[in-house]
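Asker: There's a structure below that I have some questions on.
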Amino acid sequence: MTGKKIIYYLLAAFIAGNILLIYIQYNSAKNINILIKGNEKVLGETDVTNNLRELNRNINSLSGNTRFTRRSIDSSTASEKASRIRKIQLEIDNLQKISDDDTSVKYIDVLDLLVHEKLHLFKNDSDTAVSNPPVSGQPQVFSAKTKDLNDSIRMVTYTIENSRQKLLSKVTSAIDKSGKKALRLGTTLIVFVLLSGAALFWFIITAIRRQNHLIIQLNASEKNARDAAQVKENFMANMSHEIRTPMNAILGYTNLLQRKELDEVSKQYVQTIQKSGENLLNIINDVLDLSKIEAGMMRIESAPFSIRALVQSVETMFHPRVSEKGLLLSVHVDESVPDKVEGDATRLTQILINLVDNSIKFTSKGTIAIKITNEGIENNKVKTGIIVTDSGIGIEPDKLQKIFERFQQAEDSVTRNYGGTGLGLSIVYDLVQLQNGTIEVESEVGRGTTFILTIPYKISGEIIVAQAAAEESFNVSTNFGNTHILVVEDNEINQGLIKHLFTYWNLEFDLAANGKIALDLLRVKKYDLILMDIQMPVMDGYTATHEIRKTLKLDIPIIAMTAHAMEGEREKCLSYEMDEYISKPIREEKLHQLIEKFINTKMPESLHNDYENIPAAAYRYINLAYMKAVSMGNLEYEKTVTEQFLEAIPEDLGALETAWKNKDIKSLRQTAHNMRTSISVMGLNETLEPYLSTFEYDDLDEDLFQKKFCSIKKICHGALQESQTLLSTL
């Protein structure tokens, strides 16, 4: 039975119960009124009977066998006789007030006439006795008429009493009947209330039992769901580990092969292997991201970042693929968009990568455009508009609503013709929703597709240090000095990969196949860093780390290496007193950076002094953070790139001006694009990005060109002067 039907039944029962209660109450009140009126009548009949008896008694006291003597008519008895006469008159008047419609009424009228006649006769007899007093000691007998009146009065009184008795019996019967009915209705009411209470109690108990049963079922279902989620999480973790471990070897050895001198065919094979491995890794990451989102474990971080630098890095990332397909990728950021915002740059990058990758996949010719707009600023938050447009195959209108669903493609043939899992756009949709944003899609078959997003970001006032490029590049010639590293890894392929990397980096290391062997090595040898795999036979990485910290009492930096990429894995590693975490497949640059972080790089003392004397914070235009991150203290490298900057910038400024004078817009745009690389070494991308973007993408007129060119020239001249000063210190 549905909840809606139960409500209807309860409502009908409530209405029926109220109607029955009203009916019982009405009849009960009616019978109680009959009882009250009947009792009043009984009391009235009692009064009538008493009046009749009193009337007879008073009349008999005036006549009958009573004889008048001289003494009886003395003045001493006059008042008593008068009082009795008044009582008789009062009693007959009370009898006249009876309003019952029965035969006793006419007899009362007859009695009234007889009593008045009796009183009149009595008065005449009394007057005669006074005027002709009897002989002393001889009583005077009243007339025969008086006796007849007395007999008539007694007869009428008896008749009235008999009539009233019948009426009293009738009233008593009615009272008895009403009383029984009232009692019956009262009993019915009590029974109804008891039955209703029992029914209500039964309903409540049944509802409570049903609710308890549902709670038990819900708890069981929730437990099953938790168990299923745990099984799924374990499966995802194991799948991640089992797939990422061989992927680590595939990508790692592919990178090593690319450093060898190979013929063209071999290079093509290696590049194909690497590309396929990267694609497989992207699919794995998509599945893991989907699992995180479903489990509610996807975290949105908040940190300052540059929108323009982020979009530019995405453009750089896709440039080879776009060029390979003969497409044009354009990027435009409105000047009104604040460059420094706070949000999750990683998730925004993931969104753009998925959208652009989707556009490249379905576009065979034409353009792909990324446009960043300002949709409004309120409470120090900018509503950032993101528009990704392509000129690809488009999507049919009836398919648009499904493209954000998981494992969905616009057509069944899409997967066969273009590949893909159908997860990319679903993940984009979820990531946008997690950041309180919106996403829409517009498309026309054969003319392309446009994705329109809005994501709110807090406007940041913090200075952003350029790190993106530094993370993508590292100097393998760093001198790690006399550094010893213990690598705890059970997989032989991964052992071989790390062996090749560390040999290439001139690092000394020992290999241990499990945690127990690592503990034995740590007892006899000193190491500067430990790379600890998590899942190993005999003793896993967590147990080994616990023994290192608690039993051996060593504070050696430990970097966890794990193929588990689920949310919370890094926190779990840190909770076991590990110092850092790196997921497989291991990226060479990431591993190199972590080693640098925990190992004091050995550089000549003079090099340290020269490096520290560089006045990095004394400049207004240039920013040396990127150059220092790349050079890692190599002053010769810094001197070379500074000289190149001093030579390139004046040439680029001249080329811009010449191209505009010759109305060679294509050369102008190309020069503006190339300048991004020239200015990056001095950290000028953030400052010059709005002006270079205008030259590269916008329609220019004379006023706009001169305005922007003057600003570029002013900034570049200031940067050249500061670079010249920097060069003198190198």
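The values are calculated or read from the model by the stated rules, or taken from the named source; none is laboratory data. Because the structure is a prediction, the values reported are computed rather than measured. No Cβ is skipped: glycine too gets one built from the backbone with ideal geometry, and neighbour counts run over all protein chains shown. Ligands, DNA and RNA are stripped out before the accessible areas are found, and what is left, the full protein with its side chains, is counted by its heavy atoms. Shrake-Rupley method; radii C 1.70, N 1.55, O 1.52, S 1.80 Å.
Asker: Within the set of pairs 6+ apart or on separate chains, which have a first residue in the stretch 442-457 that is outside any strand (DSSP E or B), a second that is hydrophobic (A, V, I, L, M, F, W, C), and C-beta atoms under 8 Å apart?
Answerer: Taking only residues 6 or more apart or on different chains, the pairs are Val445/Ile393; Val445/Ile395; Gly446/Ile393.
Asker: Tell me the strands (runs of 3 or more DSSP E) entirely within the stretch 288-400 that contain at least 1 residues that are of a type in the set (D, E, K, R) and open to solvent by 10 Å² or more (accessible area, probe 1.4 Å).
Answerer: In the stretch 288-400, 340-343, 367-378, 381-390 are the strands (runs of 3 or more DSSP E) which contain 1 or more residues that are of a type in the set (D, E, K, R) and open to solvent by 10 Å² or more (accessible area, probe 1.4 Å).
Asker: Every residue in the stretch 177-207 that is over 23 Å from Gly17 (Cα atoms) and open to solvent by 60 Å² or more (accessible area, probe 1.4 Å), please. I'd like the intermediate steps shown before the answer.
Answerer: Initial filter on the stretch 177-207 (over 23 Å from Gly17 (Cα atoms)): 177-180.
Matches in the stretch 177-207: Lys177, Lys180.
Asker: If I ask for residues that are outside any strand (DSSP E or B) and open to solvent by 30 Å² or more (accessible area, probe 1.4 Å), which ones from the stretch 431-441 would you list?
Answerer: Gln433, Leu434, Asn436
Asker: Any residue that is under 18 Å from Leu355 (Cβ atoms), in a helix (DSSP H, G or I) and either open to solvent by 80 Å² or more (accessible area, probe 1.4 Å) or at pLDDT 75 or above (or both) - is there at least one of those in the stretch 408-423?
Answerer: Scanning the stretch 408-423, I find at least one residue that is under 18 Å from Leu355 (Cβ atoms), in a helix (DSSP H, G or I) and either open to solvent by 80 Å² or more (accessible area, probe 1.4 Å) or at pLDDT 75 or above (or both), so the answer is yes.
Asker: Here's something else I'd like to know. Of Val524, Val488, which residue is open to solvent by less than 10 Å² (accessible area, probe 1.4 Å), over 18 Å from Leu256 (Cα atoms) and either β-branched (Val, Ile, Thr) or more than 50 Å from the chain's Cα centre (by Cα) (or both)?
Answerer: Result: Val488 is the single residue among Val524, Val488 that is open to solvent by less than 10 Å² (accessible area, probe 1.4 Å), over 18 Å from Leu256 (Cα atoms) and either β-branched (Val, Ile, Thr) or more than 50 Å from the chain's Cα centre (by Cα) (or both).
Asker: Here are the criteria: (1) β-branched (Val, Ile, Thr); (2) modelled with pLDDT of 85 or more; (3) open to solvent by 70 Å² or more (accessible area, probe 1.4 Å). Tell me which single one Thr677 does not satisfy.
Answerer: Looking at each condition in turn, Thr677 falls short on (2).
Asker: Further, regarding this structure: Can you tell me which of Leu521, Leu497 is in a helix (DSSP H, G or I) and within 20 Å of Leu594 (Cα to Cα)?
Answerer: Leu497
Asker: Answer yes or no as to whether Leu730 is open to solvent by 40 Å² or more (accessible area, probe 1.4 Å) and modelled with pLDDT under 85.
Answerer: Considered against the rule, which asks whether it is open to solvent by 40 Å² or more (accessible area, probe 1.4 Å) and modelled with pLDDT under 85, Leu730 comes out as yes.
Asker: Among the candidates Leu700, Leu720, Leu704, single out the residue that is surrounded by fewer than 20 Cβ atoms within 10 Å (Cβ to Cβ) and outside any helix (DSSP H, G or I).
Answerer: Answer to the selection: Leu700.
Asker: Anything in the stretch 651-664 that is open to solvent by less than 60 Å² (accessible area, probe 1.4 Å) and of a type outside the set (D, E, K, R)? List them, or say none.
Answerer: Leu653, Gly654, Ala655, Leu656, Ala659, Trp660
Asker: Residue under question is Ser266, and the condition is that it be over 24 Å from Thr450 (Cβ atoms), at pLDDT 80 or above and assigned to a helix (DSSP H, G or I); does it hold?
Answerer: Details: over 24 Å from Thr450 (Cβ atoms): yes; at pLDDT 80 or above: yes; assigned to a helix (DSSP H, G or I): yes.
Yes; evaluated as a whole, the condition is true for this residue.
Asker: Under 9 Å between Cβ atoms, at least 6 apart or on separate chains: pull out the pairs that start in the stretch 311-336 with a residue that is under 25 Å from Ile377 (Cβ atoms) and end on any residue that is part of a loop (DSSP other than H, G, I, E, B).
Answerer: From the stretch 311-336, the pairs are His332/Asp698; Val333/Asp339.
Asker: Taking the stated definitions as given, is Thr157 of a type outside the set (Asp, Glu), in a helix (DSSP H, G or I), in contact (Cβ under 8 Å) with a residue 60 or more places away in the chain and open to solvent by less than 70 Å² (accessible area, probe 1.4 Å)?
Answerer: Yes.
Asker: Here is a follow-up. Give me the residue from the stretch 588-609 that is of a type in the set (A, V, I, L, M, F, W, C) and modelled with pLDDT of 80 or more and, out of that set, nearest to Met247 (Cα to Cα).
Answerer: Among those that are of a type in the set (A, V, I, L, M, F, W, C) and modelled with pLDDT of 80 or more, it is Leu591.
Asker: Need pairs with beta-carbon distance below 7 Å; first residue touching a residue at least 60 places away in the same chain (Cβ under 8 Å) and within the stretch 511-528, second aliphatic (A, V, I, L, M); sequence gap 6+ or separate chains.
Answerer: As it stands, the answer is Asp528/Ile485; Asp528/Ile599, since those pairs meet every condition given.
Asker: Sort out which residues of the stretch 681-692 are assigned to a helix (DSSP H, G or I) and either more than 24 Å from Thr642 (Cα to Cα) or of a type in the set (A, V, I, L, M, F, W, C) (or both), and write them in order of number.
Answerer: Of everything in the stretch 681-692, those that are assigned to a helix (DSSP H, G or I) and either more than 24 Å from Thr642 (Cα to Cα) or of a type in the set (A, V, I, L, M, F, W, C) (or both) turn out to be Leu688, Leu692.
Asker: Just give me the residues in the stretch 527-563 being crowded, with 22+ Cβ neighbours inside 10 Å, among the hydrophobic types (A, V, I, L, M, F, W, C) and not in a strand (DSSP E or B), in sequence order.
Answerer: Ile534, Met536, Ala544, Ile548, Ala563
Asker: Under 9 Å between Cβ atoms, at least 6 apart or on separate chains: pull out the pairs that start in the stretch 195-207 with a residue that is without any contact (Cβ under 8 Å) to a residue 12 or more places away in the chain and end on any residue that is not basic (Lys, Arg).
Answerer: Every condition considered, the pairs that remain are Ala199/Ala13; Phe203/Leu10.
Asker: Where residues in the stretch 681-693 are touching a strand residue (DSSP E or B) at 6+ places or on another chain (Cβ under 9 Å) and not small (Gly, Ala, Ser), which of them is surrounded by the most Cβ atoms within 10 Å (Cβ to Cβ)? Quick ask: steps written out before the conclusion?
Answerer: Of the stretch 681-693, the ones touching a strand residue (DSSP E or B) at 6+ places or on another chain (Cβ under 9 Å) are 685-686, 689-690, 693.
Imposing the further condition that a residue be not small (Gly, Ala, Ser) reduces the set to 685-686, 689-690.
Numbers: Asn685: 22, Glu686: 18, Glu689: 20, Pro690: 17.
So, considering only residues that are touching a strand residue (DSSP E or B) at 6+ places or on another chain (Cβ under 9 Å) and not small (Gly, Ala, Ser), the one surrounded by the most Cβ atoms within 10 Å (Cβ to Cβ) is Asn685.
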